[in-house]
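In what follows, a structure is listed as structure tokens, so that the remarks can point back to it.
Every number here is computed from the coordinates shown, using simple stated rules; none is lab data. Here the structure is a predicted model, which is why all the values come from computation and not from measurement. Cβ sites come from the backbone with ideal geometry, for glycine too, and all protein chains shown count toward neighbours.
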Amino acid sequence: MTISDLGDVWRVRNAAAQTLALAEDQVKRVIQAATVDELVGMIEAYAPALSTGPEFSRTFDPLVERLWAWRDDQTLAAIAAVFKERGVPWASVVNALLPENGAAIRSGLRQPAWARLPAFVVA
């Protein structure tokens, strides 16, 4: 590996980091502006019956973390109520939206003074 290779790799890394930061900013704006019905529709894509196994947790857990970071308790309670009415297949969604889970997630987030976004636990 040469110094120019290292420089190229470092530039790619920086571009990827910038792209991720821009994507997170966009997701934050969209989540903050979304209605309860729109958020329910997005969460429906994570139907446990349709997305079993590690893929469900790998993609759903980061979404839940961001919902708790960027939305208020009343909105999340309204979303949880929709899924609670749907019964047992949606229990994992309801549990993720319980206030106790939200409190744990929020207490684990930290936002260093220099950071644009919280240091999310689940990437």
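Numbers below:
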item: Global form of region 35-108, assessed from the alpha-carbon gyration tensor, a/c cut-off 1.5; result: oblate
item: Charge dipole (debye, nearest 20) of region 35-108; +1 at Cβ of Lys and Arg, -1 at Cβ of Asp and Glu; result: 120 debye
item: Residue exposure sequence - SER107, SER92 - by fewest surrounding Cβ within 10 Å; result: SER107, SER92
item: Difference of contour (0.36 nm per residue) and Cα-Cα distance, THR35 to LEU6; result: 5.9 nm
